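The values are calculated or read from the model by the stated rules, or taken from the named source; none is laboratory data. Computed from a predicted model, the values in this text were never measured in an experiment. Please note: Cβ atoms are built from the backbone with ideal geometry, for glycine as well, and neighbour counts cover all protein chains shown. SASA here: full protein model, heavy atoms, side chains in, ligands and nucleic acids out. Shrake-Rupley method; radii C 1.70, N 1.55, O 1.52, S 1.80 Å.
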Amino acid sequence: MLVAQLINGLTQGSLYALIALGFVLIFGTMNLVTFAHGEVFMVGAFVGCFALTLWHLPWYAALALGMLAGWTLGFCIEKVAFRPLRAAGHMPPLLITIGLSIILRDLAVILFGAENRSVPSLFDQTFPLAGVQVSLLQIVILALVGVLIVGLHTLLQHTEIGRAMRATAQDHEAAYAMGVNVNRIFSLAFALASALGAAAGVLVGIYYNAVYPAMGVTAGLKGFAACIFGGLTSIPGAILGGLIIGVVENLTVQFIASGYRDVVAFLVMVVVLVVRPQGLLGRKLRAV
Amino acid sequence: MRRTVISLVLAVAAVSLLGAPGAWSGEPIQIALSGPLTGNFAEYGQNWQKAISLGVEWINAAGGVNGRPIAVIYGDSKSDPKEAAALAQKYTADSRLVAEIGDFSSTACMAAQPIYDRAGMVQLSPTASHPDFAPGSVWSFGIIGTQAGEGPFMARYAVQLLGKKRLAILNINNDWGIATRDYFVKAAKEMGAEILGVETYFETEKDFTAVLTKLRGLKPELLYVPSFYNEMALMSKQREKLGWTDVAMMGPGSLFSPKLLEIGGSAVEGLYTSAVFFPGDPRPDVQKFVKGFEAKYQATPNMFAAVAFDSINLLADTIRKVGTDRKAIRDELAKTKDWPGITGKITFTERRDVYKDYRHLVVKNGRFALFEK
Amino acid sequence: MPLFRYVPSWTNRWTWLPVLGGLLAFPLLVSNEYVLRIAVLAGIYVILTASLNITNGFTGLFSFGHAAFYGIGAYTAAILATRLGTPAWATLPLAGVVAGLFGAAIALPTLRLTGIFLALVTIGFQEITYLVTLNWVGLTRGPMGIPRIPPPGFLGIELTDNRGYYYLILGLDALVLFLIARIATSRLGRAFVAIREDEMAAASIGVPIFRLKVLAFVIATCFAGLAGAFFAHHARFVSADSFRLDETFLILTMLIVGGMGSWIGPIIGAVFLVILPEVSRFLAEYRGVVYGLTLIAVILFRPEGIAGVPGIIQARGLFSRRERRTPAEEAA
């Protein structure tokens, strides 16, 4: 049973990691935090659900559509919340993202109802591996997350624009002085982060066969916890954080009680913040 | 500042208009309803609404109650105890409302109970089956039977009828779930069954893979799941995904709903449950209701529609006898004996709940069917 | 003087005595239970918003865990009242004390953090408190909540209608707001503001930064606990669901809309946002959207809110007050 819980944990953890990567991109590049990321995740999940159930699209189209929706939404959020308040520190944009998250969630309830919306089962086959039944879906999700992460890495390390993003993340004033269009980089980072969050949403919806308006709240916070664990600016840290939280959650269910599952992420977040705020692999932080 | 003053004035004006009482005779008799019209239990509440609308239509078409039409004021509680309590405060303060139908879950009912009790207004729940609900206040009534009756019935179904001796339980962690589990477990143990493990989940839980994996390790023959259609459907799908197909699944009558089949699909095939109402019942009053419901809504009524239909008719008949005084309604309701409902004869015990006859159901070929050995 | 500087005192008593008189007379003129209930709700949120103002407004700490202390107060009162039969006049202060103790326990390890980190750690505690409350069924009855909480009774008379509750919350509001006014105009209050404005400068003139931050936090959580106890005796049912992050965001929205850092801002914010959804059915159905839009509009166009200290959120909007004076100019 332990192996089964482990595989479960890694699958879920990879999805947390995807959400966490969004936060890393945003915080790394813009030094800012958004509380609307969970709702972007939720919107992605709904778009994916509709793609599968209403428009009967294949899964890769649903994923692509979800990511596109996330990208667009992220782009708009950056324009509304962050661009007008460039000089205003991190509190005002944070508060606006809080307002946006409230609005998005309420709209989702009004338009779609608060109840679960069913998502069809995909990749249903199971096959034995290391003594347990592994579901094809788990493998597919791990693979897809892997692909997205590799894609992100390639973008950041091996492209012109990726270099610009890294430069901005390191020192956006210096990057600006070197001719980087910092505003565009910020938009890009936010949109990209949102696309990743939305992708996680689509996959979570498929994994649990359900989407519902409140699903972004805890997902966003857990992604945040993973991001903090790894260090707010470290990509490998975020991935590690996500996986660890996913696995520990499932072990908690196995050995303690299922009700305490969510405590894991928050406990991790609190402990890391109190003991070592820069996380496992993050760089030393300037005052923020 | 000006903004604030203006909105304050508007607020006071708007609300004081709301408070004006209406004239009496010829005016409809108003009954309040508190139930989940949206939210995770929306299916149940919407079924209530459909059945009650039908009931009101038939009552009014036949001349109403003592010449006055009946009107139902619908309030959405989402079966959330906070909302149920808030609606209770609103309803009890409105002197035009003579009685209340609701709420759906026992926890929501019990949260609102002290308010109806303090104000003195009948609280008739079509579905609360927790044994502590109705006895909690002289104003509280339940007509679906309690787990004290359903628990032993389901235990007999599992242990004696189906012959399963190794059982595990996964119940929703609230008043109702815990009571349902406890009565089942007590009866099952008396029949010689072995309870291998008990797990709980919260209402909003979506991920059952971890807890199912844990239960699978205990190798039970039957899994008894006090739950509602949403989680049961999800749970069944995830169980299927884990490849755990050699276990029987059973749940109480709360699962008897078409949405379970719709969401659960092939994963709920073979599920065992119970019902106090079955649309195939040949009794003339049941068929009249079923045909009328189908004609109006192009859908077959389920148990929840049936108990709601009984609720409105029972109240209408009671009001017909004693008028619209809240206390008089309560006193007369408590004396109800052998009232002919479509879910069976209703007689309130001194605890103001009822004993019900249950039927064995199973999901066969994607539909609910009576279980035959 | 500008609204955000207003603090009630004996010298300006003719500004607030008539208001107090009006509030006392209100239930004698309006008997509609529904309206009175809204007024009681507004009263609860005034305490919550004003107490959040102590940490987030006066002292500039980003505490996002307020609802947890509201909940701790509510549960304390509920447990004491239903298990031990403690009467309301005792549960209210006890709840405040317990919430304050929790506040101290959380403040001590975490108030060394600043800005977003403090915000995140308070959110973390908020959620942990919620989950523990939900799971510790033996103490809190978990998801079933605690029903049948007795109403407050004084001298053998039980409060049964909203009029009685109204007077009780009015009394509590008066007490809390009076204390906050005293704090605001005292050396302690000025020290809080100094910490917010320029922590390093304050430290250099000898202000005990950490100790005062903790004190601000504890005062705020005490008041929140008090509000929670009242809530428990009013709603007569508590469940963990009422005290989640959503609730903190709601209180925060009230604070921002009303205005941070001033005495009167929280009052305006709480009353306005409690009444707003009641003005029309449309607003009630779109309550979340309305709150979110209001928050966004305020931040974009008038970040200091209706009556808050200008510049406190480090942003200036289209409709903001014109100039920002330094603390030295303000003191003059």
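Summary of computed values
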{"read-out": "Cubic angstrom per residue, convex hull over Cα atoms of region A:11-215", "value": "119 Å³"}
{"read-out": "Chain B - share of DSSP beta bridges that are antiparallel (%, nearest 5)", "value": "30 percent"}
{"read-out": "Under the Karplus curve 6.51 cos²θ - 1.76 cosθ + 1.60, θ = phi - 60°, whole-Hz ³J(HN,Hα) for region C:231-239, x wherever Gly or Pro sits", "value": "3, 4, 6, 8, 6, 6, 7, 10, 9"}
{"read-out": "Neighbour cut-off at most 14 other Cβ (10 Å), DSSP loop, chymotrypsin sites (Phe, Trp or Tyr not before Pro), region B:292-359", "value": "B:TYR355"}
{"read-out": "Inter-centroid distance (Cα atoms) of region B:39-89 relative to region A:1-54, Å", "value": "40 Å"}
{"read-out": "Region B:179-194 - phi-based ³J(HN,Hα) in whole Hz, Karplus 6.51/-1.76/1.60, Gly and Pro as x", "value": "5, 4, 4, 4, 5, 5, 4, 4, 5, 4, 5, 4, 8, x, 7, 10"}
{"read-out": "Geometric extent, Cα atoms of chain B - Rg, Dmax (angstrom)", "value": "21.7, 75"}
{"read-out": "Proximal lysines to B:LYS82, defined as alpha-carbon separation beneath 29 angstrom and excluding residues fewer than eight positions away on the same chain", "value": "A:LYS222, B:LYS50, B:LYS90, B:LYS206, B:LYS259, B:LYS327"}
{"read-out": "Residue-count net charge about A:ARG184 - beta-carbon cut-off 15 Å; Lys, Arg +1, Asp, Glu -1", "value": "+3"}
{"read-out": "Sum of -39500 (n - 2.57) over DSSP H runs of 4+, divided by residues of chain B (222 nm, nearest 500)", "value": "-13500 deg cm²/dmol"}
{"read-out": "Degrees, to the nearest 10: A:136-158 long Cα axis against longest axis of chain A", "value": "20 degrees"}
{"read-out": "Estimated inter-spin distance, A:THR218 and B:ASP331, nm [label 7 Å along Cα→Cβ]", "value": "5.0 nm"}
{"read-out": "Rounded percent of accessible protein surface that carbon and sulfur make up, the protein assembly as shown, 1.4 Å probe", "value": "63 percent"}
{"read-out": "Karplus-derived HN-Hα couplings along region C:95-105 (A = 6.51, B = -1.76, C = 1.60, θ = phi - 60°), whole Hz, x at Gly and Pro", "value": "4, x, 5, 4, 4, x, 4, 4, x, 4, 4"}
{"read-out": "Between 0 and 90°, nearest 10: helix B:229-241 axis offset from chain B longest Cα axis", "value": "20 degrees"}
{"read-out": "Area of A:ILE235 that stays accessible when all protein chains are in place (1.4 Å probe, Å², to 10)", "value": "50 Å²"}
{"read-out": "Inter-probe distance in nm under a simple model that places probes 7 Å from Cα toward Cβ, at B:TYR355 and C:SER280", "value": "5.7 nm"}
{"read-out": "Ellipticity estimate at 222 nm from DSSP helix runs (n ≥ 4, -39,500 (n - 2.57)) divided over chain C, nearest 500", "value": "-22000 deg cm²/dmol"}
{"read-out": "Heavy-atom accessible area order for B:GLU190, B:GLU231, largest first, 1.4 Å probe", "value": "B:GLU190, B:GLU231"}
{"read-out": "Low-density loop cleavage sites - trypsin sites (Lys or Arg not before Pro) in region C:5-86, where at most 16 other Cβ are within 10 Å (DSSP)", "value": "none"}
{"read-out": "Principal-axis tilt of helix A:235-255 within chain A, Cα atoms, nearest 10 degrees", "value": "30 degrees"}
{"read-out": "Nearest-0.05 FRET efficiency for B:ASP132 and B:ARG156, computed from C-beta distance (R0 22 Å)", "value": "0.40"}
{"read-out": "Between C and A, accessible area buried - total, square angstrom, nearest 100, 1.4 angstrom probe", "value": "3500 Å²"}
{"read-out": "Helical mean residue ellipticity (222 nm; -39500 (n - 2.57) per DSSP H run of 4+; nearest 500) of chain A", "value": "-24000 deg cm²/dmol"}
{"read-out": "Region C:204-254 and region B:343-373: distance between their alpha carbon centers, rounded to Å", "value": "49 Å"}
{"read-out": "Pairwise label distance in nanometres, C:VAL132 with C:THR160, each label 7 Å out on the Cα-Cβ vector", "value": "4.0 nm"}
{"read-out": "Trypsin sites (Lys or Arg not before Pro), loop per DSSP, at most 10 other Cβ atoms within 10 Å - longest free stretch of chain A", "value": "A:1-283"}
{"read-out": "Test item: Cα-centred dipole of chain B, Lys/Arg +1 and Asp/Glu -1 on Cβ, debye", "value": "160 debye"}
{"read-out": "Candidate residues A:HIS172, C:HIS234, A:HIS158: accessible-area rank, largest first, probe 1.4 Å", "value": "A:HIS158, A:HIS172, C:HIS234"}
{"read-out": "Accessible area buried between chains B and C, both sides summed, probe 1.4 Å, in Å² to nearest 100", "value": "2700 Å²"}
{"read-out": "Long-range HN-HN contacts of B:PHE371 with modeled amide H, under 5 Å", "value": "B:HIS360, B:LEU361, B:VAL362"}
